[in-house]
Amino acid sequence: MNHEEHSVLFERCGIAAEQRSGGSLCVRSPIDGAEIARLHETPLASVPAMLEQAQSAFRQWREVPAPARGELVRLWGEELREAKASIGRVISIEVGKIAQEGLGEVQEAVDICEFALGLSRQLYGRTIVSERPGHRIMEQYHPLGPVAVITAFNFPSAVFAWNAAIALVCGDPVIFKPSQKAPLSGLATFRALERAIARFGERAPAGLAQIVIGGGLQAEALVESPLIPLVSATGSTRMGRAVGPRVAARFGRRILELGGNNAMVVTPDADLDMAVRAILFSAVGTAGQRCTSLRRLIVHRSVKDALLGKLLPAYGSLRIGDPLEERTLVGPLIDEAAFGAMQAAIAEAKAQGGRIVTGGERVLAERFARAWYVRPAIAEMPAQTEVVRRETFAPLLYVMDYEGLDDAIAMHNDVPQGLSSCIFSNNLREIERFISAAGSDCGMANVNIGPSGAEIGGAFGGEKETGGDRESGSDAWKQYMRRSTNTINFSTELPLAQGIRFG
């Protein structure tokens with residue numbers, strides 16, 4: 001696309017020309033390295049006023065009945081559905097996702113709006129039996145307060161929607177800080193929310209949804225503010241180590257979605273053709289830049305050669321190139337630093353006894369001199385070495401073999417991260433062992449599908465250095481609310497609990 005086509009697209013998404021030019025934040029497309037915007041960053045001096053406005057909005061929004069709050073999120077879903085093609089294209093241009101993945105990400109945002117709409121009538125508490133006659137105990141969930149949502153570049157639309165849709169129906173205003181590598185995608189998604197708020201009308205207070213553009217300093221201002229009771233931050237484990245203690249120091253809540261070093265166990269009873277298809281999407285999709293990307297392949301020795309015999313031709317057939325072109329399956333890495341990290345990991349894998357079976361080299365450099373396309377790599381490793389235990393955010397797949405299932409599970413769990421996992425098997429005992437308490441230690445454990453592509457209905461998140469928190473579906477909504485336990489005495493007596501006699 002040329003500059004004029006970009007301008008038309010951004011205008012269609014509600015990102016005005018004056019906001020896209022003259023600022024200090026340079027946004028480049030990983031497709032060709034070209035500058036596509038210079039956004040104005042939010043001045044740090046204006047953040048305190050935004051926080052105060054969010055508090056004011058909270059005092060009004062918490063009084064709006066939850067089903068009415070759900071109506072706002074329904075309207076947001078309509079706006080996202082209407083703008084799906086445009087926002088999806090912005091994601092492809094700014095992040096480098098192929099067109100299908102860009103559209104799929106916006107569909108995730110639509111789906112969570114539908115989920116949150118239903119949730120707005122299901123913010124259930126419970127009634128508890130009291131030991132005292134004439135008494136009843138109940139639990140309620142009340143709105144918590146303003147929520148800061150800090151996102152990573154790889155899912156600039158969906159992760160904001162996951163958090164914001166749930167927060168809004170729970171009665172919480174939101175302040176959004178998109179990644180400085182993907183602020184346009186975040187802005188396009190946020191503008192759809194603003195249009196929904198305008199349609200919703202005067203019941204939505206000023207400051208209900210706000211956006212902060214910038215980098216680490218702007219994020220720190222949100223993380224450290226006592227006016228933000230919940231910070232939801234998605235990114236690297238390194239980022240989580242910085243955010244978590246700062247929020248905890250002020251007794252705030254946090255939802256951390258951090259690194260993943262996800263594995264697939266392939267057993268002798270696996271359908272190898274299915275496994276190959278799952279490996280391709282999980283290891284190669286988004287150029288390996290998903291937190292749920294497949295990074296470790298743990299294969300039984302008896303089927304390893306057969307699996308690689310199917311996998312290598314599939315890797316060889318991958319079309320790498322401009323993600324806006326229809327047949328492309330692998331787009332670019334986000335920037336040169338990502339390419340450098342991949343090359344460093346490959347060198348380290350070789351030094352630790354690994355053999356690069358295929359890929360790893362830069363491609364299309366003549367066509368895209370300022371962009372970083374790479375051939376997806378497979379590294380056969382003698383064991384799970386130190387480099388394998390670290391997450392490399394690129395299409396680099398490590399292959400190890402195993403003899404017994406317990407050995408495979410032990411290898412699987414012997415990494416600091418614990419996000420997503422999967423097993424390919426048609427043996428019921430192997431499957432049940434893998435998803436049991438003695439199996440995968442990840443937040444998500446799948447059977448006969450890859451570790452990527454989570455649906456919004458299930459709670460998303462992982463254990464260990466992934467953060468231990470959950471967002472999106474199931475009962476993750478409880479993190480966005482405060483719990484109140486109420487004991488109600490409807491008798492004329494005043495008995496004490498535990499049979500205590502006093503006086």
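The values are calculated or read from the model by the stated rules, or taken from the named source; none is laboratory data. Quick caveat, the model's predicted, so the values are computed rather than measured. So basically every Cβ, Gly included, is an ideal-geometry build from the backbone, and we count neighbours across all protein chains shown. The accessibility values were calculated without ligands, DNA or RNA, using every heavy atom of the protein model including side chains. Shrake-Rupley method; radii C 1.70, N 1.55, O 1.52, S 1.80 Å.
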Taking the stretch 274-306 and keeping only residues that are open to solvent by 10 Å² or more (accessible area, probe 1.4 Å) and of a type in the set (A, V, I, L, M, F, W, C), one is left with Met274, Val276, Ala278, Leu280, Phe281, Cys291, Val303, Ala306
Of the residues in the stretch 71-103, those that are among the acidic types (Asp, Glu) and at positive phi come to none
| request: Would you mind stating whether Gln107 is modelled with pLDDT of 95 or more and either within 25 Å of the chain's Cα centre (by Cα) or aromatic (Phe, Trp, Tyr) (or both)? | output: yes
Restricting attention to the stretch 25-64, the residues that are of a type in the set (Gly, Ala, Ser) and open to solvent by 80 Å² or more (accessible area, probe 1.4 Å) number exactly 1
Scan the stretch 220-232 and tell me whether some residue there is at pLDDT 95 or above and touching a Ser or Thr at 6+ places or on another chain (Cβ under 8 Å). no
Q: Kindly indicate whether Arg355 is loosely packed, with under 15 Cβ neighbours inside 10 Å and either touching a Leu at 6+ places or on another chain (Cβ under 7 Å) or at pLDDT below 95 (or both).
A: no
### Query
Given the structure, is Ile213 assigned to a loop (DSSP other than H, G, I, E, B), under 27 Å from Glu105 (Cα atoms) and in contact (Cβ under 8 Å) with a residue 60 or more places away in the chain?
yes
Here the qualifying pairs (Cβ atoms under 6 Å; residues six or more apart or on different chains; first in the stretch 107-128 and buried (at least 22 other Cβ atoms within 10 Å of the Cβ); second at pLDDT 95 or above and among the polar types (S, T, N, Q)) come out as Ala109/Ser157
Across (1) more than 14 Å from the chain's Cα centre (by Cα); (2) closer than 19 Å to Arg69 by Cα; (3) surrounded by 19 or more Cβ atoms within 10 Å (Cβ to Cβ), Arg195 clears everything bar (3)
If I filter the stretch 370-384 for residues that are in contact with a Pro (Cβ under 9 Å, 6 or more places away or on another chain) and open to solvent by 30 Å² or more (accessible area, probe 1.4 Å), do I get at least one hit?
yes
Picked from the stretch 424-451 (must be among the small types (Gly, Ala, Ser) and part of a loop (DSSP other than H, G, I, E, B)), the residue surrounded by the fewest Cβ atoms within 10 Å (Cβ to Cβ) is Ala437
Thr392 fails exactly one of (1) surrounded by 13 or more Cβ atoms within 10 Å (Cβ to Cβ); (2) in contact with a Ser or Thr (Cβ under 8 Å, 6 or more places away or on another chain), namely (2)
Across the stretch 165-192, the tally of residues that are closer than 19 Å to Gly102 by Cβ, open to solvent by less than 10 Å² (accessible area, probe 1.4 Å) and touching a residue at least 60 places away in the same chain (Cβ under 8 Å) stands at 8
Across (1) more than 20 Å from the chain's Cα centre (by Cα); (2) open to solvent by 30 Å² or more (accessible area, probe 1.4 Å); (3) free of Cβ contacts under 8 Å to residues at least 40 places away in the same chain, Gly252 clears everything bar (2)
* Asked: For the stretch 220-241, does any single residue satisfy the condition of being surrounded by 19 or more Cβ atoms within 10 Å (Cβ to Cβ), polar (S, T, N, Q) and over 17 Å from the mean Cα position of the chain (by Cα)?
  -> yes
